[in-house]
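Q: Below are the structure tokens for one structure; questions will follow.
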Amino acid sequence: MEQNVQMIDGKSAAQVLHDLLGAAVQTFPDAFENVHLPNSLAAFRKQYVDFLPRFEVARLASKDRHAIALHLARAYLSQLVIGDSQPLSRPLDSSTPPLQLRTKAAKASPGWTPALHFLHQDWQSLEALGEHLETLSLTSAPVTEALRWLESNHLSNKTLELQDRNVVVLGAGAEMAPTAQFLDAGANVLWLDLAPPTALIESPHRRGHLSWIEGGADLLRQPAEIAATIIEFAKDKSIDLCLYAYAPGQARELRLTGAMNAIVEALPVSIIASITLLLSPTTATPLEAADVHTMQSRQLRRPTWETLLDKLHLLGRGGGCSTNGSFAASRSLVGIQGASYQAAQYLGKLMMAEAWTTHGQVLQSVSSTLRVSANTAPITQTRSVTHPVFDAAFGGAKALGVETLTPLQSQTLNGLLAIHDWLHPKAPVPAALRVHGGIHTLPYPMNTALLVAAAIGFARRPSLLTRLLKS
């Protein structure tokens, strides 16, 4: 077997997700008494988009909420192995030597001035931008307060400085990763990616120290070496550890997330100042009462054409969230993204973030909770979603009150909210800060609403339909 991170026994991503949710239902029967997991894998593949929100809201309502998250986080790592030998549920080999680092010093004074061009206009302050996004129901309410606090406490002349921070970025070249922004702020950045940061290495405007691996770093083949390299880079100083690696196809979402989580588990807890990751808006996400209220209000004031489509059930059945008493979880999953995507998002990110926040490293017996920034990232038109249906849906989403952002806009908000979470005196809460773009207040299941948005997009751009037919 190839010596990289793989699923145990050659399982599919859907099988892993089905097995782990089923094991949780059996282990915590009181929590999931009214949750019925499809018995067969074939049935689960067809139903997981609707099942996962029901599962999540039952977990949220349970007295064992955090214990279930820890159980799932541990079980997730147990489903991944390196080659045919070492499970990721065991610590990575601590005797592995680090990779060779190269470093270039800063060439300019530190200072990141965020570009605040959103919704076709420039904003003069983070507070004004945050208030406007909240007014349009594109963010959770805490985002506004987070931007206001950051601006009041850490922006000098609209500029952020991070020259005292050591930032390690796994998947540093990802389109959603604010790596360049951290570097502009003056952070000491370790770039870990398959490709080196060529443009940044030679930039005469580089504002922070930049370290990288000359031949690139492969998370799937070198997790132990990368863990050793991070320890070497830290030199007993604390680090902000950012987990941004992503790649579609061949269950890489599931495997890359597991590799990053195993690296976190292998590091001395004493050097981890924070862990930062991005949650997708299209996973089963805990919602606040305000989100549910907004969802209901949107349904009451919707246009006539939307009411007609809803009566014909073309926008789906059951509303935009699953509820259990006062608890709610978004029905924002999209089947076209696949089971690997959902397993990585729900098990490898949301459950792992909650386990780290409430327990600490999940494979350790001694509890030492970690500061985890796990914010919902904006809907972004990146290369990973260049499918004709997504392209059409982006074009038609605005008709349903959903906004999409460019990679630069997402990097800006992701970076600002991560820095808030690093610096704020109170520890962040996973999934509290959500730039969901309207998905989490949409009164319909996203999986079906996406088709309506796509139909609108195809009508506006018929050339996309030709691409779909050829794909």
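Q: Just the Kirkwood number for segment 194-294, please: inverse of mean 1/r across all distinct Cα pairs, in Å, one decimal.
A: Details: mean 1/r = 0.0621 Å⁻¹.
The answer is 16.1 Å.
Q: So for the chain, what percent of the C-alpha to C-alpha distances run longer than 27 Å?
A: On the way: 59733 of 110685 pairs.
More than 27 Å apart: 54 percent of the Cα pairs in the chain.
Q: Roughly speaking, what % of Cα-Cα pairs in segment 260-352 are separated by over 23 Å, rounded to a whole number? Don't skip to the answer; put the middle values down first.
A: On the way: 1910 of 4278 pairs.
That tail contains 45 percent of the Cα-Cα pairs.
Q: Write down the Å³ per residue value for the convex hull defined by the alpha carbon atoms of segment 28-132.
A: Details: hull volume 31.7 nm³, N = 105.
Convex hull of Cα atoms, per residue: 302 Å³.
Q: What area, in nm² and to one decimal, does the C-alpha convex hull of segment 120-177 cast on average over all directions? Display every interim value, and only then the final one.
A: Details: hull surface 22.6 nm².
Average of the hull's projected areas for segment 120-177 equals 5.7 nm².
Q: Taking amide H atoms as placed 1.01 Å from N in the peptide plane, list the residues 5 or more away in sequence, or in a different chain, whose amide H sits under 5 Å from that of residue 242.
A: Amide H neighbours of residue 242: 168, 169, 170, 276.
Q: Moving on. Quick one: Karplus J couplings for segment 14-31, per residue in order, coefficients 6.51, -1.76, 1.60, θ = phi - 60°, nearest Hz, x for Gly and Pro?
A: Running phi through 6.51 cos²θ - 1.76 cosθ + 1.60 with θ = phi - 60° gives 5, 5, 4, 4, 4, 4, 6, 5, x, 5, 5, 4, 6, 6, 10, x, 5, 5 Hz.
Q: From Cα coordinates alone, what are the radius of gyration and Dmax values for segment 73-163 in angstrom?
A: According to the Cα coordinates of segment 73-163, Rg and Dmax are 21.8, 55 Å.
Q: Here's another thing I want to ask about it. Shape call for segment 1-72 from the C-alpha gyration tensor, a ≥ b ≥ c root eigenvalues: rounded (a/c under 1.5), prolate (a/b greater than b/c) or oblate? All intermediate terms of the calculation are to be shown ahead of the outcome.
A: On the way: a/c = 2.55, a/b = 1.54, b/c = 1.66.
The shape class here is oblate.
Q: Which percent of Cα-Cα pairs in segment 163-228 sits in each 5 Å bin, short to long?
A: Computed distribution, short to long bins: 4, 19, 30, 25, 15, 6, 1.
Q: Can you flag which of 237/349; 398/426; 107/158 are past 27 Å Cα-Cα? Can you show the working numbers first?
A: Working: 237/349 25 Å; 398/426 35 Å; 107/158 21 Å.
The answer is 398/426.
Q: Summing Lys, Arg as +1 and Asp, Glu as -1, what charge do residues with Cβ under 12 Å from the Cβ of residue 418 carry, residue 418 excluded? Mind dumping the intermediate values first?
A: Working: positive: 165, 371; negative: 240, 421.
Taking every other residue near residue 418 into account, the sum is 0.
Q: While we're looking at this one, here's another question. Let me check I've understood the local charge: for residue 197, count other residues with C-beta under 10 angstrom from its C-beta, Lys and Arg +1, Asp and Glu -1. What total comes out? It would help to have the intermediate numbers written out before the result.
A: Details: positive: 104, 206; negative: 193, 202.
Local charge sum for residue 197: 0.
Q: Using θ = phi - 60° and the Karplus curve 6.51 cos²θ - 1.76 cosθ + 1.60, what whole-Hz ³J(HN,Hα) does each residue of segment 145-161 get, with Gly and Pro shown as x?
A: These are the phi-based 3J(HN,Hα) values: 5, 5, 5, 4, 5, 4, 5, 6, 10, 9, 9, 10, 6, 6, 10, 9, 10 Hz.
Q: Read phi for every residue in segment 345-355 and hand back ³J(HN,Hα) as whole Hz from Karplus 6.51 cos²θ - 1.76 cosθ + 1.60, θ = phi - 60°, with x for Gly and Pro.
A: Rounded to whole hertz, the list is 5, 7, 7, x, 10, 5, 5, 5, 4, 5, 5.
Only the coordinates and a few stated rules stand behind these numbers; no lab work does. Here the structure is a predicted model, which means the values were calculated and not measured. Positions of Cβ are generated from backbone atoms using ideal geometry, with glycine treated the same way; all protein chains shown enter the neighbour counts.
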